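Asker: Below you'll find the structure I mean.
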């Protein structure tokens with residue numbers, strides 16, 4: 001089923017006799033659910049773009065590439081740099097705005113500007129009863145009552161099928177600088193990244209690869225802005241980090257951060273991929289427990305990507321910790337998402353019962 005309008009979508013959902021599997025571009029098949037496929041790909045196109053107001057409105061099926069091209073023509077961007085999962089998951093298709101919002105997809109710049117959720121201004125969606133719902137608008141201060149915009153973002157289609165999205169955008173940057181340190185242990189790297197992020201020099205990304213492209217550890221920081229500002233801040237950070245070793249500075253387009261964003265180092269390697277969110281200070285100890293085939297730290301250590309052997313439930317290895325682990329690529333026998341605490345699970349179930357009383361939207365995807 002591929003509805004072309006919001007009204008067609010509402011009729012299809014209202015008339016559904018069983019579960020529906022919601023699909024955007026088909027590039028992020030995270031989680032497991034059954035049902036008839038319902039695609040939002042035909043509800044595409046940019047309906048409003050006001051560069052002066054830093055606002056764009058588009059259908060849920062609009063390719064992210066189309067949005068980024070439109071923004072680039074006005075020297076603007078999606079500041080949270082959404083990850084492209086295709087290489088990591090071995091999928092085809094085209095990433096869409098709806099899939100991005102449904103999964104709250106964000107990249108390395110999340111630590112400095114926020115996540116996808118923080119840039120969502122408004123949504124239109126159809127709930128599990130076939131009702132068309134609108135929430136939010138086209139400016140930041142627009143929400144009265146329940147903030148359904150934030151609720152829908154990251155709900156993986158379990159509360160409603162997104163049809164239209166309003167986003168805040170930001171100006172693009174003139175220059176990108178990358179600082180690199182080599183040979184640091186995981187603990188040293190997280191300490192160095194934390195020092196940089198706690199400084200006034202505004203790093204917009206902070207990552208560590210225990211095995212970089214040469215096989216040796218590499219620790220990276222990104223600075224963005226006007227050329228003179230980037231050079232000044234890079235020099236200041238170099239002085240700040242000199243206790244950790246020699247610091248290299250490279251100025252360019254920052255293309256190397258795309259590989260960090262998309263976890264390309266794991267793309268062609270066999271095994272399961274886990275995404276672990278935790279406190280940066282806890283990251284090295286947690287990673288040491290994993291016996292992982294490969295690791296990548298992002299968000300200054302707050303995000304750990306782990307490549308492991310198949311069939312392992314990494315949560316059993318980790319035990320109780322302050323954070324959560326998501327199985328991004330792996331076998332169907334392990335729950336995709338971190339099990340919720342009983343009180344939170346009760347709230348979640350109550351919300352789903354209100355928005356999808358028949359339980360037909362991406363049923364079971366969160367199990």
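Asker: It is to be established whether one or more residues within region 119-127 are more than 28 Å from residue 223 (Cβ to Cβ) and in a loop (DSSP other than H, G, I, E, B).
Answerer: Checking region 119-127: at least one residue is more than 28 Å from residue 223 (Cβ to Cβ) and in a loop (DSSP other than H, G, I, E, B).
Asker: Assess whether residue 152 counts as being out of contact with any helix residue (DSSP H, G or I) (no Cβ under 6 Å at 6 or more places or on another chain) and at pLDDT 95 or above. Talk me through it step by step, then tell me what you get.
Answerer: On the way: out of contact with any helix residue (DSSP H, G or I) (no Cβ under 6 Å at 6 or more places or on another chain): yes; at pLDDT 95 or above: no.
It is false that residue 152 is out of contact with any helix residue (DSSP H, G or I) (no Cβ under 6 Å at 6 or more places or on another chain) and at pLDDT 95 or above.
Asker: Tally up the residues in region 294-329 that are at pLDDT 90 or above, part of a helix (DSSP H, G or I) and either surrounded by fewer than 20 Cβ atoms within 10 Å (Cβ to Cβ) or at negative phi (or both), please.
Answerer: 0
Asker: Take region 85-107 and flag every residue that is assigned to a loop (DSSP other than H, G, I, E, B) and over 24 Å from residue 225 (Cα atoms).
Answerer: Across region 85-107, the qualifying residues are 85, 90, 91, 92, 93, 94, 95, 103, 104.
Asker: Kindly check whether there is at least one residue in region 263-278 that is over 28 Å from residue 290 (Cβ atoms), surrounded by fewer than 19 Cβ atoms within 10 Å (Cβ to Cβ) and out of contact with any strand residue (DSSP E or B) (no Cβ under 8 Å at 6 or more places or on another chain).
Answerer: Taking region 263-278 first, the residues over 28 Å from residue 290 (Cβ atoms) are none.
Scanning region 263-278 turns up no residue that is over 28 Å from residue 290 (Cβ atoms), surrounded by fewer than 19 Cβ atoms within 10 Å (Cβ to Cβ) and out of contact with any strand residue (DSSP E or B) (no Cβ under 8 Å at 6 or more places or on another chain).
A quick yes/no check of all residues on (1) surrounded by fewer than 17 Cβ atoms within 10 Å (Cβ to Cβ); (2) over 26 Å from residue 129 (Cα atoms):
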{"site": "24", "(1), (2)": "no, no"}
{"site": "27", "(1), (2)": "no, yes"}
{"site": "31", "(1), (2)": "no, no"}
{"site": "43", "(1), (2)": "no, no"}
{"site": "46", "(1), (2)": "yes, yes"}
{"site": "52", "(1), (2)": "yes, yes"}
{"site": "57", "(1), (2)": "no, no"}
{"site": "60", "(1), (2)": "no, no"}
{"site": "64", "(1), (2)": "no, yes"}
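The values are calculated or read from the model by the stated rules, or taken from the named source; none is laboratory data. No experiment lies behind these values; they were computed from the predicted model shown. Please note: Cβ atoms are built from the backbone with ideal geometry, for glycine as well, and neighbour counts cover all protein chains shown.
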